[in-house]
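See structure below.
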Amino acid sequence: MHTNWVGLYTMFRREVQRTMRVVVQTLLAPVISAALYLFIFGTVIGTKIEDFAGVPYISFVFPGILMLSIVNASFASASSNLYFMRFTRGIEEMLIAPFSYFEMLVGFVGSAVVRSLMVAFLILAVGILFGAVSLVNPLAFVFYIAAISAIFAMLGIIVALWAEGFEQLTVINTFVITPLTYLGGVFYSVTFLPPLAATITYLNPFFYFADGVRSSMIGYSEANTFAGLCIIFALVLGLGGLLTHLFKIGWKIRS
Amino acid sequence: MSTPMLEIKNLRKVYGSGKDQKVAVDNISLTVERGAFFGLLGPNGAGKSTTIHCITGIAQPTSGQILVDGVDVVKDYKNARTKVGLSPQEFNVDIFATPEQLMDFMGGYYAIPHDERWKRIDDLIKRFDLEEHRTVKFQKLSGGLKRRAMLGRALVHTPDLLILDEPTAGVDVEQRRDLWAYLKEMNEGGKTIILTSHYLEEIQYLCNEIAIINHGKIVAQGTKEEFMKDGKTVEERYLEITRADNEGKK
C-alpha cells in the first residue's frame, strides 16, 4: 500500500490543534522563559561581558537558549501526547487505522517536530527583538533544529511508552535531559571550563547539539562537526529503529 | 462463492506469561458471510472484546489467522484495517475533541480526502442527529450522544465490515430504537455488521447469525432461526447454552 500521506498530515494537524488548545503551556511559557534567559544572560549579565567568538555574549548564548526550548518542546509534546493517548486509550484510534509502524513513528515524531518548530519560530522572533539573532548557515540551522527535535521527540515517545504514571513521565527529563542540556555548553564556552570538566563535556552528546546550532547561527564551533553529525545520525537511526520495532511488537500499546 | 467478510481460523490469544498467563480466546474459528448481521454473545470476560481487538489490530493474536475480506490482518495489516470500522465498548477518544473533530481525524487517518471526508461527516452528523452537538466537547455529551459520535467515527471511512462492541450501552430506549433502525437499514444496504451486546432482545431483533463465546471458546453458532427453534427467545436459548457449558466445566 502507498504511504498514508493524508493520515500523516492529519496527525500533524491534530498536534497543532492540541498545541493551540493549551497555548499558554505549549507556546507562551517557553517564549517567556526564553525572553527571561535573554534578558538575564544577554542584557543584564551579557553587557558586562566582552564579546566572545567575535559576537556579543547574547548572540553566543542565544543558540543554546533556542536549543533548550526545542528540546523541552519536542520531548514534552511527544511524551505527553502519547502518554495521554495510552491513558485514555485514544491510542486505539491509531492502532486500528491504516498506518504502517514506520508511519506511526513518523507521525508521532513529525507532530512533535511541528510543535517545536512553532516554539522555535516564536523564540527566534523574541531573539530578533533582543538583537541576538544571526544566521550564517540557514540550511545547517534547519537541519540541526529538525534533527534535535526528532531525537528528543523519539526519547519522549520511549518515555511515554515506558511510563506507568505521570511522575515517571517527568523523571527522565528532570534527571537526565535537563542536567545534560545545562552541562552541554548551552550558556558557556567549553574553553571556560577546567580541563577535566572540558573533557567530560566532550563526552556529552548534548554539547554537540548546542554546538551545531551555534555554528549554524554565529559560525563559531568548539566541537568536531563530523563527530557531532555522526552522533546525531546514530541517534536518529538508532532511536528510529528501536521505536519502529517497539511499535511493531506493540510494546505497552497493543495487548 | 464470494470470499467471506470475516474468517477466523484457530484464533488463540493468551495474555501474560508463566503463572499470570490467561487464555482469553482459546482456538476459535468463525466465519461471517458478506452482508450478515452477526451477533457475538457471551458473558463478561468470555473473550468477545479480545476477539474484536484481534480483528481490528488493538491486540496481537498469539496464534491462528484472521482474514477480513480475504486479507490477513497480521501479514497485510494496513490493507485489512481499511476494511474495518470499530465502535468500541469503551470511549477511547480524546475527551476534549468534538464529535466533528473525532470524525475528521479518523477520516484523515483513513486517508479520506478533505472534501469527501467533510461531506461524509456532514451526512453522519445529520444522520445521528448531532447537529446541535457537533462542536461540543466529547466530555460534555450525554451517554447516548457519545455513543452516536463513536458510531459516526466508526463509519466515516465507509468500512466493509462494521464492528459494534456494545453500541447501545447507556443509551435510552428511544435512541436505541433509532439506532436499531439505522443499523438495520445499513445492513439491508449490504453492510456486514458484527454486534456484541448484553441486550439480547437487540440481538434477536437485529441479527441473522449468532455465535456464543464462553470461557474463550465458541459454544454455539447458527442462524437466529436455529437459536429460536422450539419457540424460545434468544435470551432463553443463550442462558440454556451458557449454563450448560458452565455446569460442564464444574
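The values are calculated or read from the model by the stated rules, or taken from the named source; none is laboratory data. Keep in mind it's a predicted model, so treat the numbers as computed, not measured. Cβ: placed from backbone, ideal geometry, glycine included. Neighbour counts: every protein chain shown.
Does A:Met85 count as within 14 Å of chain B (Cβ to nearest Cβ) and surrounded by 24 or more Cβ atoms within 10 Å (Cβ to Cβ)?
no
Could you run through region A:205-255 and say how many residues are within 14 Å of another protein chain (Cβ to nearest Cβ) and aromatic (Phe, Trp, Tyr)?
Adding up the residues that qualify gives 2.
Just wondering, is there one or more residues in region B:117-130 that are of a type outside the set (Val, Ile, Thr), on the phi > 0 side of the Ramachandran plot and modelled with pLDDT under 95?
Yes; the residues of region B:117-130 include at least one that is of a type outside the set (Val, Ile, Thr), on the phi > 0 side of the Ramachandran plot and modelled with pLDDT under 95.
Please list, ordered by first then second residue, the pairs with beta carbon atoms under 6 Å, 6 or more apart or interchain, first in region B:185-199 and of a type in the set (Val, Ile, Thr), second surrounded by 11 or more Cβ atoms within 10 Å (Cβ to Cβ) and assigned to a helix (DSSP H, G or I).
Pairs that qualify, where the first residue is of a type in the set (Val, Ile, Thr) and the partner is surrounded by 11 or more Cβ atoms within 10 Å (Cβ to Cβ) and assigned to a helix (DSSP H, G or I), are B:Ile193/B:Asn187; B:Thr196/B:Lys48.
Within region A:104-126, does at least one residue satisfy the condition of being more than 14 Å from every other protein chain (Cβ to nearest Cβ) and not in a helix (DSSP H, G or I)?
Looking for residues that are more than 14 Å from every other protein chain (Cβ to nearest Cβ) and not in a helix (DSSP H, G or I), one finds none in region A:104-126, hence no.
Taking A:Glu50 as the residue in question, decide whether it is within 13 Å of chain B (Cβ to nearest Cβ) and free of Cβ contacts under 8 Å to residues at least 12 places away in the same chain.
No.
Scan region A:185-209 for residues that are touching a Ser or Thr at 6+ places or on another chain (Cβ under 8 Å) and closer than 12 Å to A:Val61 by Cα and jot them down.
Initial filter on region A:185-209 (touching a Ser or Thr at 6+ places or on another chain (Cβ under 8 Å)): A:185, A:190, A:193, A:198, A:206-207.
Of everything in region A:185-209, just one residue is touching a Ser or Thr at 6+ places or on another chain (Cβ under 8 Å) and closer than 12 Å to A:Val61 by Cα, namely A:Gly185.
Restrict the check to region B:132-147 and report whether at least one residue is closer than 24 Å to A:Ala97 by Cβ, under 18 Å from the mean Cα position of the chain (by Cα) and buried (at least 22 other Cβ atoms within 10 Å of the Cβ).
yes
Starting from residues that are loosely packed, with under 13 Cβ neighbours inside 10 Å, not β-branched (Val, Ile, Thr) and not in a loop (DSSP other than H, G, I, E, B), keep the ones in region A:1-23 and report whichever is farthest from the other protein chains (Cβ to nearest Cβ).
By that ranking, first place goes to A:Met20.
For residues in region B:41-57 being away from chain A (no Cβ under 11 Å) and not in a loop (DSSP other than H, G, I, E, B), which is farthest from A:Leu95 (Cα to Cα)?
B:Leu41
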